[in-house]
Amino acid sequence: MSAIIEQHLKKTEGNKLPIIYPLVLYTGQKPFPYSTDLFDLYGANKDLAREIMGRPTQLIDLAQASDEELKKYFWFGAAALIAKHIKDPDILPTLKVAIDLFRKIENLGEKQYIEEYIYVTLSYIVEAAEIKDKEAFIETIKRGLTEIDEDKIMTLAEQWKQEGLQLGLEKGLQQGLEKGRLEIARSMLQKGLDTQMVMEITGLSKEQVSELIH
């Protein structure tokens, strides 16, 4: 969404957006049985949802955030650092920092999905980053990560030897991210966070979160 807004502002050479009027067309055979006020669907959290959504969108400018600040947040920090430096001439120094954060995450007792999170992150690096020394990249992973198994490490290595993997990698990355979101949401629910807060943080739908509860 931020990219679309930025593109529009550059195209119009201004700093104003057009007003967008939200409209939903309903084609059911019977009259629409629910409230047309979206916030009614949040139940007891209606006022909270209205307040949060009425605020300016929070934007995190990674280019302006220092690496030291990002490293304070283990889960977010690892992904943010990789995203910030993904176009660096060599991603290996950032990978080593991310590995330290992966270890800290594991020490928090999140082992049940840390491996998937790590593998998705590494796959993203393989797809998007400049890796000057592929052997050093693989060796860094082997030495630094005991959570990810040998087969998955070798799978990463094989991606450099094969052609036509772009679509499959994107699909795998999307599936891994979705699974990671579900596991994070489950962990939040187990720790007592309310459903609305979990939805806001993870971006999952009400139905997806309800399935995790049951």
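The values are calculated or read from the model by the stated rules, or taken from the named source; none is laboratory data. The structure displayed is predicted, hence computed values, not measured ones. We place every Cβ from the backbone using ideal geometry, glycine too, and count neighbours over all the protein chains shown.
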K84: at pLDDT 85 or above, in contact with a Leu (Cβ under 6 Å, 6 or more places away or on another chain) and either at positive phi or basic (K, R) (or both), yes or no? yes
Identify the single condition in (1) loosely packed, with under 15 Cβ neighbours inside 10 Å; (2) more than 20 Å from T202 (Cβ to Cβ) that K71 does not satisfy, given that it satisfies every other one. (1)
Suppose the filter is in a helix (DSSP H, G or I), at pLDDT below 75 and under 14 Å from the mean Cα position of the chain (by Cα); does L173 pass it? yes
